[in-house]
1. Just need a number here: residues in region 1-18 that are aliphatic (A, V, I, L, M) and out of contact with any Phe, Trp or Tyr (no Cβ under 9 Å at 6 or more places or on another chain).
2. Among the residues of region 1-29 satisfying the criterion of being within 10 Å of the ligand (Cβ to nearest atom) and not in a loop (DSSP other than H, G, I, E, B), which is surrounded by the fewest Cβ atoms within 10 Å (Cβ to Cβ)?
3. So which strands (runs of 3 or more DSSP E) are wholly in region 54-155 and hold at least 3 residues that are among the hydrophobic types (A, V, I, L, M, F, W, C) and touching a residue at least 60 places away in the same chain (Cβ under 8 Å)?
4. Can you list residue pairs whose Cβ atoms sit under 6 Å apart, with the first residue in region 270-297 being outside any helix (DSSP H, G or I) and the second being charged (D, E, K, R) and modelled with pLDDT of 95 or more? Count only pairs 6 or more apart in sequence or on different chains.
5. Considering region 57-72 alone, what residues qualify as being at positive phi and hydroxyl-bearing (Ser, Thr, Tyr)?
6. Among the residues that make up region 146-160, is at least one of them surrounded by fewer than 24 Cβ atoms within 10 Å (Cβ to Cβ), in contact with a helix residue (DSSP H, G or I) (Cβ under 7 Å, 6 or more places away or on another chain) and of a type in the set (D, E, K, R)?
7. Residue by residue through region 225-256, note down the ones that are away from the ligand (no atom under 16 Å from the Cβ) and part of a helix (DSSP H, G or I).
Amino acid sequence: MIGKVYGTGSYVPPHVMDNDDLSRMVDTSDEWIRERTGISRRHIAKAETTSYMAGEAAWKAVEQSRIAPAEIDLILVATSSSETIFPCTACEVQKRIGAVNAAGYDLNAACTGFVHAFNTAQAYISAGIYRTVLVVGAESMSNMIDWSDRGTCILFGDGAGAVLLRGEEGGKAFMAAHSDGEKSQALTSLSRHRRDWEKETDGASYVRMDGQGVFKFAVRKVPEIIEEVLDQAHMELDEVDYFVLHQANRRIIEAVAKRLNTDLSRFPMNLEEYANTSAATIPILLDEMNEKELLQRGQKVLMAGFGAGLTWGACLFEW
Ligand code: COA
């Protein structure tokens with residue numbers, strides 16, 4: 001049994017902030033940002049919450065799948081920026097789409113979250129525990145950003161993407177997951193709810209990052225995990241139709257393609273428009289590819305995510 005994609009959906013807030021807008025807020029420029037990251041614009045949530053965006057993306061995936069919401073067994077939402085610690089975003093999505101029979105919970109592995117949630121769904125499906133699973137990645141990164149820190153504020157955006165999986169006989173998904181807690185300080189955001197009794201503050205804290213450290217980690221670990229899932233599947237690189245990587249930085253994706261000696265055209269990208277929406281980048285990209293009819297049944301897709309933790313994960317599956 002393997003989870004086949006029956007539907008995809010995505011939502012990004014309509015408000016766009018381009019690089020010139022940012023250059024009026026911090027000492028940066030459109031040229032610098034595009035050259036170092038490939039990012040031109042990002043969509044920023046104004047009134048929209050993480051659960052609202054998750055619900056919109058989920059609804060589109062469910063509609064496309066033609067599966068009744070009541071048939072969904074499980075909703076998994078990957079997020080690290082929900083507006084509530086509880087209830088979990090998955091329960092808000094359940095309410096929004098009327099998935100009355102579904103269980104639901106959130107999963108946080110920062111930018112790797114969607115890949116881990118997708119793999120969790122595949123594991124449940126292949127074990128025969130659930131048949132129909134909705135997997136969502138949704139983030140409001142703009143709430144976690146220090147808008148005076150030019151080293152981070154240029155990188156992130158908001159949005160959500162969703163994939164509806166249904167178990168079918170035959171096939172297998174090949175998965176890998178890793179983490180390295182020793183390097184946890186490379187990318188952090190402390191909980192806003194941690195009270196600092198000495199300073200009598202709420203301890204609100206924003207994303208802090210060792211940019212070069214994260215860059216080097218991604219360029220080293222992503223090719224390794226791609227090779228790892230290919231080895232599991234006894235497949236060669238050129239048998240993969242698309243490498244759908246976490247959309248953090250164009251230079252990271254270029255470096256991964258180069259290390260694997262693989263043509264960049266097999267690494268679709270949309271980070272120019274949305275920047276890094278953390279757990280949402282991969283499902284937003286899958287939805288765009290699906291909409292453009294780039295994805296056909298039987299094609300091999302290899303997803304790889306990486307991010308805070310540090311965490312990284314991959315899945316090779318058949319569309
Ligand atoms: N605009 C202009 N200058 C900037 C800048 C900005 N937005 N951000 C940093 N700089 C400056 C630095 O202050 C530094 O100046 P200095 O040489 O006078 O000290 C210079 O640019 C080079 O900084 P550096 O950090 O070495 O740049 P970089 O080439 O490593 O690019 C990142 C910075 C953040 C774009 C890059 O490291 C990166 O993308 N890392 C990965 C981050 C990531 O993807 N995180 C999420 C993963 S899930």
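1. 3
2. It comes out as 23.
3. 74-78, 132-140
4. Listed pairs, sorted by first residue: 270/288; 275/42; 277/139.
5. none
6. Checked region 146-160: at least one residue is surrounded by fewer than 24 Cβ atoms within 10 Å (Cβ to Cβ), in contact with a helix residue (DSSP H, G or I) (Cβ under 7 Å, 6 or more places away or on another chain) and of a type in the set (D, E, K, R).
7. Residues satisfying the conditions are 226, 227, 228, 229, 230, 231, 232, 233, 237, 238, 239.
Let's see how each residue does on (1) in the same structural domain as residue 32 (by TED's automatic domain parsing); (2) at pLDDT below 95; (3) under 30 Å from residue 2 (Cα atoms); (4) among the aliphatic types (A, V, I, L, M):
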| site | (1), (2), (3), (4) |
| --- | --- |
| 144 | yes, yes, no, yes |
| 194 | no, yes, no, no |
| 198 | no, yes, no, no |
| 222 | no, no, yes, yes |
| 228 | no, no, yes, no |
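The values are calculated or read from the model by the stated rules, or taken from the named source; none is laboratory data. All of these numbers come straight from a predicted model, not from anything done at the bench. Note that we place each Cβ from the backbone using ideal geometry, even for glycine, and neighbour counts take in every protein chain shown.
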